[in-house]
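Note sheet for the following structure.
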Amino acid sequence: MKPVGVVCNHCGAPLEIGEATRFTTCAHCGSRLAVHHTGSARFTELVEEVADGLETIRLQNELERVDREWAMEQERLAIQNNDGVRQPPSAGGSLIALVLGGAFVCFWIVMATKIGAPWFFVVFGLVMLGTLVFNFVRNVSNAGQLDLKQRAYEARRTALVRRVEQANARTRRSPAN
């Protein structure tokens, strides 16, 4: 294996390395170097720069994963309105639906009883009232979960963005300065 000449990416000192060498340390400045072989060209890069670049990519991928998970969680907790559009649940909207629907169902039950309608009209009203209460409880619970999960997502995302910015700053920083 014959030695090949390259220069240190940090101090510019000449280095003699083997043809298959992938990593070396500069004898002049002590920098750890990655040796890249591209066709007939060979060059060095500081290992710290490579590691910082990989860390930035890893953090950006993590950030994208967190964003995807949050979008899926929003979709999971969303409710469908009368137009078929999915939207986040709200405690206020659920309360309005309970009050309006409850008033109608109570009117239904009272009128069915007053006019002597068959028993299944009253039972139907009671089932509808139970459904309204169930949906109210479920939607208020989902709204609370969504709020808690949104806070956790925003905190996690902010921390990841800060780490990406720090990794980018390390990558841009020149070790020779």
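General remarks:
- Maximal additional length on extending the N81-V123 stretch stands at 12.5 nm, based on 0.36 nm per residue less the C-alpha distance.
- Acute angle (nearest 10 degrees) that the helix 119-172 long axis makes with the longest principal axis of the chain, alpha-carbon atoms: 20 degrees
- 0 to 90° range, to nearest 10: angle between helix 91-114 axis and the chain longest Cα axis: 20 degrees
- Matching label, Cα extents along the principal axes in Å computed from the structure shown, candidates [x] 47, 44, 31; [y] 62, 37, 26; [z] 105, 32, 21: [z]
- Farthest toward positive dipole pole in region 25-177 [+1 Lys/Arg, -1 Asp/Glu at C-beta], among G144, C26, Q74: G144
- For region 130-158, the residues whose backbone nitrogen is under 15 Å from a point 7 Å from the Cα of F104, taken along Cα to Cβ, are 130-133, 135-136.
- Simple label model, 7 Å out from Cα along Cβ direction - T25 to I96, nm: 7.0 nm
- Ellipticity estimate at 222 nm from DSSP helix runs (n ≥ 4, -39,500 (n - 2.57)) divided over the chain, nearest 500: -22500 deg cm²/dmol
- Take 25-36, 58-69, 112-123 and order them by the average number of nearby Cβ atoms within 10 Å per residue, most first; the result is 25-36, 58-69, 112-123.
- Taking M128, M72, M111 as the candidate residues, the one with maximal mean-square fluctuation in a Gaussian network model of the chain, Cα springs under 10 Å, is M111.
- C-alpha long axis of helix 47-77 to longest principal axis of the chain, angle in °: 10 degrees
- For the chain, C106 stand unpaired, since no other cysteine beta carbon lies under 4.7 Å from theirs.
Read-outs: derived from the displayed coordinates by stated rules, not from any lab. If you're wondering where the values come from, they're calculated on a predicted model, not measured in any experiment. FYI the Cβ positions are ideal-geometry reconstructions off the backbone, even for glycines, and counts take in every protein chain you see.
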